[in-house]
1. Has the stretch 189-203 got at least one residue that is in contact with a strand residue (DSSP E or B) (Cβ under 9 Å, 6 or more places away or on another chain) and under 30 Å from Pro307 (Cβ atoms)?
2. Of (1) crowded, with 16+ Cβ neighbours inside 10 Å; (2) under 23 Å from the mean Cα position of the chain (by Cα), Ile22 satisfies all except one. Which?
3. List every residue pair whose Cβ atoms lie under 6 Å apart, where the two residues are 6 or more positions apart in sequence or sit on different chains, the first residue falls within the stretch 263-282 and is outside any loop (DSSP other than H, G, I, E, B), and the second residue, located anywhere, is of a type in the set (S, T, N, Q) and surrounded by 13 or more Cβ atoms within 10 Å (Cβ to Cβ).
4. Inside the stretch 151-165, can you point out the residues that are out of contact with any strand residue (DSSP E or B) (no Cβ under 9 Å at 6 or more places or on another chain), in contact (Cβ under 8 Å) with a residue 12 or more places away in the chain and surrounded by fewer than 22 Cβ atoms within 10 Å (Cβ to Cβ)?
5. Any idea which of (1) at pLDDT below 95; (2) within 30 Å of Ile131 (Cα to Cα); (3) surrounded by 14 or more Cβ atoms within 10 Å (Cβ to Cβ) is the one Val295 doesn't satisfy?
6. Return the only residue of Gly132, Gly152, Gly143 being over 18 Å from Ala214 (Cβ atoms) and assigned by TED's automatic domain parsing to the domain that holds Pro188.
7. From the set of residues in the stretch 166-178 that are within 12 Å of the chain's Cα centre (by Cα) and at pLDDT 85 or above, which is surrounded by the fewest Cβ atoms within 10 Å (Cβ to Cβ)?
8. Scan (1) modelled with pLDDT of 75 or more; (2) of a type outside the set (A, V, I, L, M, F, W, C); (3) exposed (fewer than 13 other Cβ atoms within 10 Å of the Cβ) for the single condition Ser75 breaks and write down its number.
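The values are calculated or read from the model by the stated rules, or taken from the named source; none is laboratory data. Given the structure is predicted, the values throughout are model-derived calculations rather than measurements. Using ideal geometry, Cβ is built from the backbone for each residue, glycine included, and neighbour counts are taken over all protein chains shown.
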Amino acid sequence: MAGTLACDKCHSLVYSRELDTISAEAKSLESQGKYLEAREQWMHALPLLPKSAKQAEWIEERAKQLNALAAKQQSQGETKWAKRVGPLGVLGAILLKGKTILLALFKLKFLLSFASFIAIYWALWGPIFGIGFAAMILIHELGHYIDVQRRGLPAEAPVFIPGLMAYVKWDAMGVPLDVRAEVSLAGPLAGFIAALACAGYFAYSGNQLFAALARAGAWLNVLNLIPVWAFDGGSATNALSKVERGIVLGCSAVLWLLTGEVVFFLVGAGFVYRLFTHDLPAAPSPKTTAYYIVVLALLAGVMWAMPGAGVGIPR
């Protein structure tokens, strides 16, 4: 029937090709940080969709999100330089956005979940190790949070599930795979910085608890780089081609042989599995590959320098 936007029988969209083109162009603009232009592009799709279509509802919601992102982008001009320096931008954003981070952390949901987190580890391993271990996990999550924020994307303060895990909720809709990978790897990078600080204090004071903290923190962050499930490594690996996955697999094997730490074998085993999954990206990402390898090597260096073996948690 003339003038209809969807087939009455099969419900397929009449302008599906045009919609695909609009979607691709809008996502490309979003990845470049051109949020208002992306919003305008998305709005071109609305006249091509039935008003009752779920896609139309999603586009209207996305337009609101892009408006918010554009407003936030205008107020964050001071962080633009941080985007140009890759992973080091996380460190720059910490310095520039310290006040914003503190305000986010003082929200009740964060405070209650983090207090419960500390209480469990305090009970298990005593106050110094318990607080230190919880703080290292917080720093890991802040790595994700800061990296999302410095890109002008919305993110919620870290939430802790006592005794299990912690996470940062953010909207990755329309974000390119390599950017998602960098956000995922920012957590282990921040975890390395925390572990390095503990290792430095151990070298200065000789306090074995800080050596244990450094080793446990590094070990936990390597574990999180196993490229499966909801681990950071799982998300980061989505941006890697088969060849790049093989390269990181080889580096993991070398680090396992050099350090004797089984956790690197687990990372390598995860990459063996990911060589045969059907989730390869459209294009390779050498930057993500290098980022992944550097973070693994830095964490291996901390573990190699600290006494003991394995996770290192005191008994």
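1. no
2. (2)
3. Cβ pairs passing all conditions: Phe264/Ser252; Val267/Ser252; Gly268/Ser252; Arg274/Thr237.
4. Within the stretch 151-165, Gly152, Ala157, Pro162, Gly163 meet the criteria.
5. Here Val295 clears every test but (1).
6. Gly152
7. Taking the candidates together, the pick is Lys169.
8. (1)
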